[in-house]
Amino acid sequence: MSDTNLKPLKKNGFEGRTFLTEAEWKTYRRARAVRYAQTDDSTVLCESCGKKGTKKNPLQNAHKIGHAIGTDHVGLTPEALLRSYNIVKAHKSECNRKVEAKTPSEIADFLVRKDGYGISIEEFPAFMRKQSPNVWKALQAIEAPPS
Ligand SMILES: [Zn+2]
């Protein structure tokens, strides 16, 4: 009987998809997606206030659509949450919260904006329309603005 060391399996990833499938979404509802380590760069300025980071209040990676909202209420894949347009630098205190989309209309706006996810509303998964009716309503309001 041969006994060799187990090798790590190659990760399958999400095939570049923006949205989770319903089965994946249900899995992420069981545990939060992992946040990745952050690095500080003293030449970078805060997206919110335009100032440098300090020892007391360093700059951090801030998500325009955060992990918790992004998975639970939008159904985004972890890969989609890490796309460069979703991550900006902001001060740990105060500014980090200011750059994050919090309301359904802020989230819907960032999903359709060309400098954001750039989706059309038809791409928002059918199961998420039921799970997250407020985001779905906000997406529909962008598509057909009140006259
Ligand atoms: Zn700031």
Quick note on 63, 73, ordering by fewest other C-beta atoms within 10 Å, gives 73, 63
Contour minus Cα-Cα span, residue 45 to residue 119, at 0.36 nm per residue, comes to 23.8 nm
For residue 137, the lysines lying under 18 Å Cα to Cα, once residues fewer than eight places off in the same chain are dropped, come out as 102
The relative contact order of the chain, taking Cα pairs under 8 Å that sit 6 or more residues apart, comes to a percentage of 23
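Using the Kirkwood radius over C-alpha pairs as Rh, can you work out the diffusion coefficient of region 83-147 via Stokes-Einstein at 4 °C, viscosity 1.567 mPa s, in µm² per second?
Value of D from the Cα-based Kirkwood radius: 101 µm²/s.
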At R0 = 22 Å the Cβ-Cβ FRET efficiency linking residue 9 and residue 82, nearest 0.05, sits at 0.60
Of 131-141, 111-121, ordering from highest average Cβ density within 10 Å down gives 131-141, 111-121
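In what sequence do 88, 74 fall when counting other Cβ within 10 Å, fewest first?
Going from sparsest to densest Cβ surroundings: 88, 74.
The numbers here are math on the coordinates, done by the rules we state, and not lab data. Predicted model only: the values in this text are computed from it and were never measured. We place every Cβ from the backbone using ideal geometry, glycine too, and count neighbours over all the protein chains shown.
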